[in-house]
Amino acid sequence: MTASLDAVANKFFDYIICGGGTSGLTLAARLSEDPAVSVLVLEAGGENTDDPDILRPALWGSHFTNQAHSWTYQTVSVGDAVYPWFRHEGKGLGGSSGINFMCWTKPHASEIDDLEKLGNPGWNWNNYEKYLSRTEGFIVPSADVQKRNNMCFETWKMSKDGPLKVTYPGTIDEAELKIQQTLINAGLSIAPHPLSGDPTGVFFAPNTYDPITHTRSYATTAFYLPNRHRENLTVLVSASVNRVRTEMLPNGVITAVGVEFEYDGKEYVANSKKEVLLTAGAPKSPHILELSGIGRKEILNKIGVPVKVDLPGVGENAQEHVFIGVSFELRDDVEFDTVDLLRDPAAAAEHIELHASGSGIHTKGIIGFSFTPLSMLSEKSEEIYQSAKRKVEQNAGKYPPGLMEQYEIQLDRLRGRAPGCELISFPGYLSGPNPPVPGKRYLSVLVAMNHCFSRGTIHSSSSDPLKDPEFDPRYLEEEVDLDVWVEMVKFTRNLANIEPLKNMIALESNPGPEVQDEAQLRDWIKKYFCTTWHTAGSCSMLPKASGGVVDPELKVYGTNNIRVVDLSVVPLLFGAHPQATVYAIAEQAADIIKGNFVPMSGVVA
Ligand SMILES: Cc1cc2nc3c(=O)[nH]c(=O)nc-3n(C[C@H](O)[C@H](O)[C@H](O)COP(=O)(O)OP(=O)(O)OC[C@H]3O[C@@H](n4cnc5c(N)ncnc54)[C@H](O)[C@@H]3O)c2cc1C
């Protein structure tokens with residue numbers, strides 16, 4: 001059971017963790033392994049344990065309409081986009097790991113090594129694998145499942161020891177193999193070791209899935225429930241952190257002494273003896289810093305918060321992954337159960353029943369992936385690269401501190417060093433503008449742009465903690481992003497002409513026959529794309545002079561004992577779904593905080 005207010009208000013704890021999400025619960029479990037240390041987690045949302053809408057798989061996106069499950073952020077500038085309201089993060093224990101799409105992927109090793117290259121000793125692939133192995137609990141599927149799905153794990157380096165269950169969903173349709181074969185026929189190859197350093201190619205990715213109960217495995221089941229009995233771990237839900245309380249040390253550095261939090265409409269205080277750890281996610285961690293007087297002085301002056309540390313990088317360098325769905329209507333004779341069925345209330349009820357017995361749509365997952373460099377998809381890749389390079393060189397003097405170093409790496413990736421183009425097979429309709437036809441089933445290929453050059457900002461617009469920060473993502477501001485994306489969509493549409501997919505589909509629903517030439521394609525993308533909810537960078541781990549907010553020990557510059565430990569610290573977003581990386585960051589952070597971190601050398605050592 002979570003704690004009562006009385007156990008928290010005005011009490012003292014060694015560590016106060018602000019946000020009980022993916023990283024927060026991981027960190028809490030690791031720090032409280034030492035019974036001599038007291039740990040408090042404050043989570044703004046509810047406990048949400050045993051909630052079937054969280055536990056039952058294949059409910060992708062359904063949480064967005066439920067305020068108990070997700071935060072909804074309106075973005076500031078969205079250009080022509082029609083889905084600005086589609087901006088969500090997880091709320092309640094488990095955070096985004098409780099509402100995410102459960103896909104388990106990892107970046108190319110060189111992209112993690114890039115963190116070290118950007119000035120962060122110890123943040124490299126070797127340490128990444130070491131720390132992620134503490135979370136990851138891979139369950140190898142049966143020999144029968146492997147044979148049926150052409151799976152081979154000999155070259156995959158996966159840990160079986162962690163508490164987070166990672167495996168394949170109970171139902172894998174034969175259609176997934178056909179989609180995979182189509183991609184191979186289109187020129188891609190099987191990725192030899194996609195979850196151990198090089199995801200280039202096609203593969204079936206596991207999910208965060210418990211194969212016994214056919215339910216979601218997430219930060220709550222892996223790190224909170226098994227440890228909630230610990231006497232030194234206190235978790236208070238419905239407690240929203242307003243700001244960090246600080247004092248100034250004689251040397252001009254500020255030190256955290258606790259936090260102020262909102263509970264049931266009133267403000268309370270919890271005191272920290274050692275550290276305050278911000279794990280509120282990329283939209284909210286910079287918000288808490290700014291409300292605490294740590295941030296860009298112009299922003300703090302504007303919202304009337306006294307400046308304690310002038311730290312211009314807070315809320316800057318925000319990066320996103322974005323996707324757009326190309327949907328194909330399936331032929332009626334194709335055997336492929338898709339989530340389209342769930343639009344019929346009677347079928348939806350039937351599949352809830354089926355789930356209880358370990359079958360039906362709710363035992364499916366999103367598993368079909370390919371990651372490639374642009375050169376594998378388009379003959380225009382060199383032209384696009386040269387044009388992006390010219391632009392970066394021309395504007396070199398105009399970029400904010402640190403961005404040029406990031407762009408140099410991004411150009412290298414664009415030329416093929418790491419795969420930024422992703423295609424995901426989604427069993428159902430997920431696209432616009434043409435709506436699904438009742439009774440029809442769809443396959444959508446989600447075309448995801450993972451190495452966006454555009455950068456956004458997330459800043460407080462008021463000193464009122466209950467007012468959400470303003471998120472200005474500046475999507476597609478850098479034209480290379482759209483150039484790359486157009487080529488990816490062209491490649492994807494052409495899959496309809498390649499067997500065996502050709503034989504499965506009746507027609508292309510979106511973008512549809514109205515979208516023919518390149519100008520129309522560009523307009524369609526600008527209108528109907530959507531975030532992939534992987535926001536990073538808003539509290540970047542970089543040297544301070546490069547726009548950094550935290551140092552390589554994740555400590556906020558100018559403070560003695562405030563750290564940020566969540567996806568916001570990643571200064572340059574990689575080409576993978578980020579939950580695995582968030583767990584790895586939290587695991588490494590726990591060792592750093594405990595004083596146990598012995599870095600394994602990486603490329604820069
Ligand atoms: C819809 C969706 C689908 C996704 N799909 C995938 C996927 O399939 N695979 C994948 O790898 N990744 C996926 N992701 C991304 C991944 O889940 C997240 O990047 C990751 O979980 C973020 O972890 P975090 O610890 O940074 O933040 P979160 O897990 O979001 O945790 C932040 C926590 O802080 C709490 N909080 C916020 N403000 C306050 C405050 N002021 N006081 C107290 N608590 C506060 C929040 O309620 C939340 O619980 C998805 C994300 C979303 C939203």
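Nothing in this text is a laboratory measurement; each read-out follows from the coordinates by a stated rule. Please read all numbers here as calculations on a predicted model, not as lab measurements. So basically every Cβ, Gly included, is an ideal-geometry build from the backbone, and we count neighbours across all protein chains shown.
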Expected single match for in a loop (DSSP other than H, G, I, E, B) and in contact (Cβ under 8 Å) with a residue 12 or more places away in the chain among 183, 195, 132 is 195
Of those in segment 554-605 that are within 27 Å of residue 292 (Cα to Cα) and free of Cβ contacts under 8 Å to residues at least 12 places away in the same chain, the residue nearest to the ligand (Cβ to nearest atom) is 555
Is it the case that some residue within segment 172-184 is crowded, with 22+ Cβ neighbours inside 10 Å, of a type in the set (Val, Ile, Thr) and touching a Lys or Arg at 6+ places or on another chain (Cβ under 7 Å)?
no
Can you name the number of the only condition in (1) of a type outside the set (Gly, Ala, Ser); (2) in contact (Cβ under 8 Å) with a residue 60 or more places away in the chain; (3) closer than 30 Å to residue 408 by Cβ that residue 157 fails?
(2)
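So that you can scan it fast, the table gives a plain yes or no per residue for (1) of a type in the set (Ser, Thr, Tyr); (2) over 30 Å from residue 510 (Cβ atoms); (3) within 26 Å of the chain's Cα centre (by Cα); (4) away from the ligand (no atom under 16 Å from the Cβ):
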site	(1), (2), (3), (4)
280	no, yes, yes, no
292	yes, yes, yes, no
299	no, yes, no, yes
309	no, yes, no, yes
322	no, no, yes, no
328	no, no, no, yes
Of the residues in segment 22-61, those that are in a helix (DSSP H, G or I) and either among the small types (Gly, Ala, Ser) or within 14 Å of the ligand (Cβ to nearest atom) (or both) number 11
Step by step: first the residues of segment 391-418, then only those that are part of a loop (DSSP other than H, G, I, E, B) and not hydrophobic (A, V, I, L, M, F, W, C), then the one that is nearest to residue 479 (Cα to Cα). Which residue is that?
395
Consider only pairs whose beta carbons are under 7 Å apart and that are at least six residues apart or on different chains; among these, list those whose first residue lies in segment 388-413 and is over 21 Å from residue 296 (Cβ atoms) and whose second residue is among the β-branched types (Val, Ile, Thr).
388/480; 407/392; 411/392
Output the number of the condition that residue 72 fails; it satisfies all remaining conditions of (1) more than 10 Å from the ligand (Cβ to nearest atom); (2) under 19 Å from the mean Cα position of the chain (by Cα); (3) of a type outside the set (Asp, Glu); (4) under 21 Å from residue 570 (Cβ atoms).
(4)
Cβ-Cβ under 6 Å, sequence separation 6+ or interchain: first residue in segment 521-549 and within 16 Å of the ligand (Cβ to nearest atom), partner hydroxyl-bearing (Ser, Thr, Tyr). Which pairs?
530/83; 538/568; 539/285; 539/568; 549/540
For segment 198-220, enumerate the residues that are outside any loop (DSSP other than H, G, I, E, B), closer than 28 Å to residue 149 by Cα and not aliphatic (A, V, I, L, M).
198, 200, 201, 203, 204, 207, 209, 210, 215, 216
